[in-house]
1. Going residue by residue through the range 152-165, is there one that turns out to be in a helix (DSSP H, G or I), touching an Asp or Glu at 6+ places or on another chain (Cβ under 7 Å) and at pLDDT 90 or above?
2. Tell me whether the range 68-75 contains one or more residues that are β-branched (V, I, T), without any contact (Cβ under 8 Å) to a residue 60 or more places away in the chain and touching an Asp or Glu at 6+ places or on another chain (Cβ under 6 Å).
3. Taking only the range 26-45 into account, find how many residues are in contact with a helix residue (DSSP H, G or I) (Cβ under 8 Å, 6 or more places away or on another chain) and under 20 Å from D63 (Cα atoms).
4. One residue is enough: does the range 115-129 have a residue meeting the conditions within 22 Å of V15 (Cα to Cα) and out of contact with any helix residue (DSSP H, G or I) (no Cβ under 7 Å at 6 or more places or on another chain)?
5. Part of a helix (DSSP H, G or I) and among the hydrophobic types (A, V, I, L, M, F, W, C) - does that describe any residue in the range 46-61?
6. Name the residues in the range 195-216 that are modelled with pLDDT of 65 or more and either part of a helix (DSSP H, G or I) or open to solvent by less than 70 Å² (accessible area, probe 1.4 Å) (or both), would you?
7. Residues in the range 101-121 that are open to solvent by 10 Å² or more (accessible area, probe 1.4 Å) and on the phi < 0 side of the Ramachandran plot: how many?
Amino acid sequence: LLDPSAGTGIFSGAVKQLNPRCEATQFEKDVLTGKILSHLNPTDNVRVEGFENIEPRYNSYFDVAASNIPFGDVRVFDPAYSNAKDDAHRQASGTIHNYFFMKSVDCVREGGLVAFITSQGVLNAEANRSVREWLMERCEPVSAIRFPNNLFTDNAGTEVGSDLIILQKKATVGELSERQRDFIACRKLSNGISVNNLFQSFGRVIQMCGRSLGDCS
């Protein structure tokens, strides 16, 4: 298991409940949080540093990458991305959520899974189209679920819209399926908001009436 933004290790803890033999490599850039992570997970490979420091030898190494990754127009210093000639890598080097997706796809093996909670901008933003194309050239979309904006209000104090995106790295590059094309494309609503084509109905959108699911009737 790879967790590139581990916090205190919630994702690895959940996986280990299902498979206690799981070998986890966890990155946490914040020093204090990283020390807590190391204390709570003494048998794991805990690295108190940025995910961009992962070595090339870990490409195609992990079975699963899972995390609640950071988001925003935060530039990541990774020469392999910032100096790349293609639009996808240059876009990813300037937006940390795109970087974490692409870097993690590199790190999982063929057939491996990338399961991230991330900003809705990954799927919605027209500027991220080249990133989505890069992802669909290498992955099959397993699932995409849109969370309500207030899902993390109580725990994290934020009302940013977020998605759960699960991708499976594929072995060969072929013609894109309709689902892959939907993952790439967006459409404009009547109010001018861009929405990914995977969400053409509310079937993949979780509705929430109050602060918790228990508040909904």
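1. Checking the range 152-165: not a single residue is in a helix (DSSP H, G or I), touching an Asp or Glu at 6+ places or on another chain (Cβ under 7 Å) and at pLDDT 90 or above.
2. No: zero hits.
3. Count: 5.
4. Checked against the condition, which is being within 22 Å of V15 (Cα to Cα) and out of contact with any helix residue (DSSP H, G or I) (no Cβ under 7 Å at 6 or more places or on another chain), the range 115-129 yields at least one hit.
5. Yes: one or more hits.
6. Residues satisfying the conditions are V195, N196, N197, L198, F199.
7. The total comes to 10.
For (1) in a loop (DSSP other than H, G, I, E, B); (2) within 13 Å of the chain's Cα centre (by Cα); (3) surrounded by 13 or more Cβ atoms within 10 Å (Cβ to Cβ), each residue gets a yes or a no:
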{"site": "P20", "(1), (2), (3)": "yes, no, no"}
{"site": "K35", "(1), (2), (3)": "no, no, yes"}
{"site": "S38", "(1), (2), (3)": "no, no, yes"}
{"site": "V64", "(1), (2), (3)": "no, yes, yes"}
{"site": "Y81", "(1), (2), (3)": "no, no, yes"}
{"site": "A84", "(1), (2), (3)": "yes, no, yes"}
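The values are calculated or read from the model by the stated rules, or taken from the named source; none is laboratory data. No experiment lies behind these values; they were computed from the predicted model shown. Cβ atoms come from the backbone with ideal geometry, glycine included; neighbour counts cover every protein chain shown. The area values use the complete protein model at the heavy-atom level, side chains included, leaving out ligands, DNA and RNA. Shrake-Rupley method; radii C 1.70, N 1.55, O 1.52, S 1.80 Å.
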